[in-house]
There are 2 protein chains.
Amino acid sequence: MLLPGPIQNMITAFARLPGVGPKTASRLTFFLLKAPDDLADEMAASLTALRSKITYCQVCFNITEVGKEECEICESKDRQADVICVVEDPLDVLALERTEGYQGKYHVLHGTLSPIEGIGPEDIKLRELIARVDQGGVTEVILATNPSMEGDATAMYLQQQLLPKGVQVTRLARGLPVGGDLEYADQSTLLRALAGRQMMK
Amino acid sequence: MLLPGPIQNMITAFARLPGVGPKTASRLTFFLLKAPDDLADEMAASLTALRSKITYCQVCFNITEVGKEECEICESKDRQADVICVVEDPLDVLALERTEGYQGKYHVLHGTLSPIEGIGPEDIKLRELIARVDQGGVTEVILATNPSMEGDATAMYLQQQLLPKGVQVTRLARGLPVGGDLEYADQSTLLRALAGRQMMK
């Protein structure tokens, strides 16, 4: 049996989302068919608003609402302007903000260097970061790219670019995750934890 | 940091879908932000179309496009009109159609009897099924409700209602699922498989 067009379209659209296979897509579609009227409308409105009302901050490239030049964090006078934390994605900003342990500014690269996928320094917001440092007033750049091959390569590249400019360049600590189990830690995490062991005072 | 309103709304909308928690919801939202322009638009259009272009078949209550009185299956002259397969949801029709092993018609109940949740015979499409049988021309009703407590109770109720009308009432076979492992089958499945054992010819 061919499904009616509108249902098939909805399933196809859902299936394009990451982590949503054809089965989940049809489950979601049929759920929406039976769901209270407002849910599908609310989703449709949210989707339209998402693309039309969200833009990127012209300073740090984090997400912000259309009409604002700078995001809330860049605008804020309460945050340290001399520390920049470099992350890959806006979601990483969110994760760091949730810790409530960081008071500086951010810079969102929107990706990592990846020669295999053909992503070079021009394809992510690297030049913009270096320009921010060149403007002066920055004392420390914290590299908070992901602890992956691409994240590490990007951090290394940035380190080479930034060190000659006289700023302090740091990298988030590696080691055992809190609540983790030594027994289940992978070899390279354990090696890093060992190499980065700290004096107990 | 507070997320911009449009992003927060999208996350809230996604999180109302079944099986989507707040983390998945924000992952999907940020994916859509970066996704090619057409995806969010396509989803928004699909959602609107879903509610405005889909309705229920007036005979079997399966989904069909607005403007059609009957669904494709009810309209079809190639399908046996004297066999009705009773299912809980439109998704169940889809599952049975995928088998390509059924050539009769359907009847979608849109739920099951559930005294605990206060769902009685009037709340699902039971009366409409009985009316179809009363119209005549039906020789067999296959009860294909889910093998759950509510599905079984609904099947039992239907059996009581339909048997006096002189139609054959059947129920889908219970037993070990194909590809399943006897060792991991639960007790009641195994009991059913044992009770329903079949002669090898």
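Can residue B:141 be described as of a type outside the set (S, T, N, Q), more than 9 Å from chain A (Cβ to nearest Cβ) and within 16 Å of residue B:172 (Cβ to Cβ)? Taking the combined requirement at face value, the residue satisfies it. Within the range B:83-100, can one find any residue that is polar (S, T, N, Q), in the same structural domain as residue B:132 (by TED's automatic domain parsing) and open to solvent by 10 Å² or more (accessible area, probe 1.4 Å)? Yes, the range B:83-100 contains a residue that is polar (S, T, N, Q), in the same structural domain as residue B:132 (by TED's automatic domain parsing) and open to solvent by 10 Å² or more (accessible area, probe 1.4 Å). No other residue among A:88, A:97 is among the charged types (D, E, K, R) and either on the phi > 0 side of the Ramachandran plot or touching a Gly at 6+ places or on another chain (Cβ under 8 Å) (or both) apart from A:88. Pairs are defined by a Cβ separation below 8 Å, a sequence spacing of at least 6 or placement on different chains, a first member in the range B:1-17 that is at the interface with chain A (Cβ under 7 Å from one of its Cβ atoms), and a second member that is at pLDDT below 90 and assigned to a loop (DSSP other than H, G, I, E, B); the pairs so defined are B:16/A:35. From the list B:195, B:173, the lone residue that is more than 24 Å from the chain's Cα centre (by Cα), of a type outside the set (Ser, Thr, Tyr) and open to solvent by 80 Å² or more (accessible area, probe 1.4 Å) is B:195. Among the listed residues B:12, B:24, B:48, B:64, which satisfies the condition of being of a type in the set (Val, Ile, Thr), buried (at least 20 other Cβ atoms within 10 Å of the Cβ) and not assigned by TED's automatic domain parsing to the domain that holds residue B:132? Going through B:12, B:24, B:48, B:64 in turn, just one is of a type in the set (Val, Ile, Thr), buried (at least 20 other Cβ atoms within 10 Å of the Cβ) and not assigned by TED's automatic domain parsing to the domain that holds residue B:132: B:64.
Return the residues of the range B:38-75 that are among the charged types (D, E, K, R) and either more than 7 Å from chain A (Cβ to nearest Cβ) or closer than 19 Å to residue A:42 by Cβ (or both); say none if nothing qualifies. Correct list: B:38, B:41, B:42, B:51, B:53, B:68, B:69, B:70, B:75. Checked against (1) free of Cβ contacts under 8 Å to residues at least 24 places away in the same chain; (2) open to solvent by 50 Å² or more (accessible area, probe 1.4 Å); (3) in contact with a Pro (Cβ under 8 Å, 6 or more places away or on another chain), residue B:156 meets all criteria but (3).
The values are calculated or read from the model by the stated rules, or taken from the named source; none is laboratory data. Keep in mind the model is a prediction, meaning the values are calculated, not measured. No Cβ is skipped: glycine too gets one built from the backbone with ideal geometry, and neighbour counts run over all protein chains shown. The area values use the complete protein model at the heavy-atom level, side chains included, leaving out ligands, DNA and RNA. Shrake-Rupley method; radii C 1.70, N 1.55, O 1.52, S 1.80 Å.
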